[in-house]
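Data first, discussion second: the structure below is written as C-alpha cells.
Each value in this text was obtained by applying a stated rule to the coordinates, not by laboratory testing. Here the structure is a predicted model, which means the values were calculated and not measured. Cβ coordinates were reconstructed from backbone atoms using ideal geometry, including for glycine residues, and neighbour counts include every protein chain displayed.
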Amino acid sequence: MTKQGILLCGHGSKKQYNKELIVNTATRISETHPQYIVKCGFMEFNEPTIPQALDEFRSEEISALAVVPLFLARGVHIDEDIPALLGFEFGQKIGVFKTNTGEIPLSYADPIGEHPVLADVMVASAEDAFKLIT
C-alpha cells in the first residue's frame with residue numbers, strides 16, 4: 001500500500017524551540033500514524049524551506065500529498081504565500097503535485113482556526129496553570 005504525504009508547514013523562527021515544536025509534532029504524527037510520510041517545511045528562518053520539503057517529496061512513493069499549515073489563523077502566509085509556493089491561485093485548495101514518477105493529487109488544508117480541539121487544548125493549558133497556584 002502506498003503511503004500519503006503530509007507536509008507540515010511552520011512559520012519558522014530564530015528561536016530554536018519554535019522549529020522543534022514543528023519537528024516534534026511531525027515526529028509524533030509519523031509515530032502514531034504510520035500510513036503517512038511526514039515532513040516539515042518553513043516559511044522563513046529555518047530549513048528545510050517549504051520548496052525544499054516539496055522537493056524532498058518528489059522522490060517519495062506517495063499516492064497524494066496534503067500541505068498542512070501549523071498556524072492558528074489566516075494571514076498573508078496562509079492565504080497568499082504558501083498557495084503561491086504550491087502554484088495555487090487565491091482560494092484554491094486542490095491541485096496536482098509532480099513527482100519523479102508522475103503526478104499525484106495535492107491538497108491544501110486550512111489553518112487550525114476554530115477547530116473544536118483547540119478549546120480543549122486551552123482548557124488543559126489553563127488547568128496546568130492553575131496547578132501552579134493551588
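For this structure, a couple of remarks:
- 2 or more residues of a type in the set (A, V, I, L, M, F, W, C) and surrounded by 17 or more Cβ atoms within 10 Å (Cβ to Cβ): qualifying strands (runs of 3 or more DSSP E) within the stretch 22-134: 36-42, 62-69, 102-108
- Cβ-Cβ under 8 Å pairs, at least 6 apart or on other chains, the stretch 43-61 side free of Cβ contacts under 8 Å to residues at least 60 places away in the same chain, far side part of a strand (DSSP E or B) and loosely packed, with under 13 Cβ neighbours inside 10 Å: ARG58/LYS98
- Residues being in a loop (DSSP other than H, G, I, E, B), within 22 Å of GLU60 (Cβ to Cβ) and touching a residue at least 24 places away in the same chain (Cβ under 8 Å) are represented in the stretch 2-15 by at least one member.
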